[in-house]
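**Student:** Here it is, the structure in full.
The values are calculated or read from the model by the stated rules, or taken from the named source; none is laboratory data. Just so it is clear, the structure is predicted and the values come from calculations on it, not from any experiment. Neighbour counts are summed over all protein chains in view; Cβ atoms, including those assigned to glycine, are modelled from backbone coordinates with ideal geometry.
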Amino acid sequence: METTSIIEAQSYAKKTIRKLDGAKLKEIYEKFSLAWSEKMLTQRNVPIFSDHIIKNVLQRFAVNLEKIPWDKDMQAIISFMEDFAPREQIEAFLSQIVNWYYGRYVTYDMRIKPNELIESDVDLNFLKKPDRDGAFILSQGSFECLKWKDIILFKTVHDLAITQMLLWELQPKTIIEIGSGTGGGAIWMADLMASYGLKTRIISFDLVKPAIKYDSVTFLKGDCNEIEKYMKAKVLEKLPHPWMLIEDAHVNVYGVLKYFHEFMEKGDYLIVEDSDIKQEEINQFIQDTDESYLVDAKYCDFFGRNMTCSYDSIFRKMK
Ligand SMILES: C[S@@+](CC[C@H](N)C(=O)[O-])C[C@H]1O[C@@H](n2cnc3c(N)ncnc32)[C@H](O)[C@@H]1O
């Protein structure tokens, strides 16, 4: 059971993904190939859907290892591999192994943004693409919202799955949700924590208090624009850590993050939901807090690159 691994902070050295040549890519491929075989053993060789694709591409690479033009640029390598598998699949695979290689906790600026111009010896454009496709837009439901015990929650199916794993791993003593919606998200987390046998304080904050009452959740009414008025320092200072702070109100995002930052401790998690539209504020926050937070790429990319509503914004505070 993997409960303590996130407590062991990984190397915090700044690394760059933007310098990559064929030789490095070959090294990454070889390491990934080995790690994948080891992973399959832990599954007793029972494949999940993605293992079929990985196996297929790894086999193509293995058979052609000597012929792949590792000394040429990325386009030449991709073009060569295109004879064996569709380009999309090759690019998705390369993106996966490169991101895997750089590890779980990466600086926010290591996450190459879709509009970024990369100056590199090789064309790394494939690293910019999120794996989101038409299905993502339906992942909160094609018509009806997802529900927990008949209460609406505004989560994607991916985030439901990711969050329950992260909650078990982090075992937060406090969860603070900014933006309650109908209260479904907070109640779902409260029930999960209870089912894990853990005592967690859950506070959910909204301009409009949900109609529902729930023993293990404190619903607070207030305005994010004056967050310090409603969530007072003297209360926050006493809330036990680790914390999971979820920003999901979409108002005064920078101000809210900056306010809570003062109370966050090493090992706490910060999740900013629906964040494809909040990147500017997040970027500013990350710069202004001395890059204290690293993106948890494990969860951001669990179902493919950024297949989460928290686009590059599942953060762990590292210092
Ligand atoms: C997307 S919903 C939250 C969904 C919820 N977290 C869930 O998982 O089900 C956004 C919420 O933000 C709240 N909100 C909007 N402006 C706000 C403000 N200025 N202060 C506090 N909450 C606000 C809305 O009332 C709404 O309930």
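**Student:** Quick check, is Pro172 in contact (Cβ under 8 Å) with a residue 24 or more places away in the chain and within 13 Å of the ligand (Cβ to nearest atom)?
**Tutor:** Criteria not met by Pro172.
**Student:** Would you check if Asp248 is surrounded by fewer than 20 Cβ atoms within 10 Å (Cβ to Cβ), of a type in the set (D, E, K, R), at negative phi and within 9 Å of the ligand (Cβ to nearest atom)?
**Tutor:** So Asp248 fails the test.
**Student:** Do you know which of the residues in segment 127-144 that are surrounded by 13 or more Cβ atoms within 10 Å (Cβ to Cβ) and more than 22 Å from Met244 (Cβ to Cβ) is farthest from the ligand (Cβ to nearest atom)?
**Tutor:** Leu127
**Student:** Here's something else I'd like to know. Within segment 195-216, identify whether any single residue is among the polar types (S, T, N, Q), touching a residue at least 24 places away in the same chain (Cβ under 8 Å) and on the phi > 0 side of the Ramachandran plot, and answer yes or no.
**Tutor:** no
**Student:** Restrict the check to segment 29-39 and report whether at least one residue is surrounded by 13 or more Cβ atoms within 10 Å (Cβ to Cβ), farther than 30 Å from Glu281 by Cβ, at pLDDT 80 or above and within 18 Å of the chain's Cα centre (by Cα).
**Tutor:** No, because not a single residue in segment 29-39 is surrounded by 13 or more Cβ atoms within 10 Å (Cβ to Cβ), farther than 30 Å from Glu281 by Cβ, at pLDDT 80 or above and within 18 Å of the chain's Cα centre (by Cα).
**Student:** Next question. Of all residues being surrounded by fewer than 22 Cβ atoms within 10 Å (Cβ to Cβ) and near the ligand (Cβ under 9 Å from one of its atoms) in segment 189-218, which is nearest to Glu247 (Cα to Cα)? Just the residue, please.
**Tutor:** Leu207
**Student:** Out of curiosity, is Ile68 among the hydrophobic types (A, V, I, L, M, F, W, C) and not assigned by TED's automatic domain parsing to the domain that holds Tyr293?
**Tutor:** yes
**Student:** Quick one: Asn306 ticks every box in (1) in contact with a Cys (Cβ under 7 Å, 6 or more places away or on another chain); (2) over 25 Å from Gly103 (Cβ atoms); (3) at pLDDT below 95 except a single one, so which number is it?
**Tutor:** Condition not satisfied by Asn306: (2).
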